[in-house]
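Below is one structure; the comments refer to it alone.
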Amino acid sequence: MIHYDNKNFKLHQIGFGLLCAITILACTTTKTNNSDPNELIRAVVKDYSALASCRKILLTDNGEKILPKNHQTLVPFSTNEIVYIAYNKIPDMVSLCMAEDFIAEIVEIKSDPNKTKRIPCKSVNSVNQLPWATPYIKNPKLDIVQQFKDNRHQWFYLFVYLDGHATLFNCQGDNIRNFNDLKDRQAIIELIPLKMISLIYKSNTKQR
């Protein structure tokens, strides 16, 4: 017959219980929100659909780009709309988009009561008709602004500067990409692809 020392047996039980508690706590810790559930994080919905395999991404106030695991999460929300979120970060998961800092499961998302109104996307005859373009028009190095359209009838605007660099915006004024040379610019325009529709700005300044 096997005899157990009651004192040692109880110590083993306590030790086993502590081990189980630590294990459960560790598992729970990996599953809790990376954000405080009682204090939602402010973020802005950004549209990266002009880039291959990309959709909408959340840009937080600290500059992190969060890609929701379920892309349908952001469908009801407009580009540039402010939202408040709680999320579970998914480690070691990457997307084909690769524009994000990390992928996360959005466990809660709320609209900001003061919503940013979506700017209607339509063709314009002048860069002055773009309400978000004023700071860029004032740049004395701005040379030309070209209006493009993709195969989904979304409008894009390429601001080209005298020093050779350029910036591509969507119709909401989101910065899609910066270019340092003509070759890179042409490659991205062909990749999206974009069709040049019109020239909506031309400076009178000649490059020296």
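Where a number appears in this text, it was derived from the coordinates with a stated rule and is not lab data. Quick caveat: nothing in here was measured; it's all calculated off a predicted structure. Every residue, glycine as well, gets a Cβ built from its backbone with ideal geometry; the counts of neighbours run over all protein chains shown.
Some values worked out for this structure:
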read-out: Note, ³J(HN,Hα) from phi for region 170-175, Karplus 6.51, -1.76, 1.60, rounded to Hz, x at Gly and Pro; value: 8, 6, 8, x, 6, 6
read-out: For Gln72, net neighbour charge (Lys/Arg +1, Asp/Glu -1) across residues whose Cβ lies under 11 Å away; value: +3
read-out: Neighbour net charge for Asp101 - beta-carbon separation under 9 angstrom, K R +1, D E -1; value: -1
read-out: Distance violations [Cα-Cα > 19 Å] among Lys65/Lys149; Lys56/Lys89; Lys65/Lys141; value: Lys65/Lys149; Lys65/Lys141
read-out: ³J(HN,Hα), Karplus 6.51/-1.76/1.60, whole Hz, each residue of region 70-80, x for Gly, Pro; value: 9, 5, 5, 4, 9, 4, x, 9, 7, 4, 6
read-out: For region 66-116 and region 144-160, distance of Cα centres in Å; value: 26 Å
read-out: Extension gain from Asn88 to Ile144, taking 0.36 nm per residue of separation minus the Cα-Cα distance; value: 15.8 nm
read-out: Where trypsin sites (Lys or Arg not before Pro) fall in DSSP loop in region 172-205, at most 14 other Cβ within 10 Å; value: none
read-out: Computed lengthening from Ser78 to Ser53, 0.36 nm per intervening residue step minus Cα-Cα distance; value: 7.1 nm
read-out: Kirkwood Rh in Å, taken over region 120-169 so that all alpha-carbon pairs contribute; value: 11.5 Å
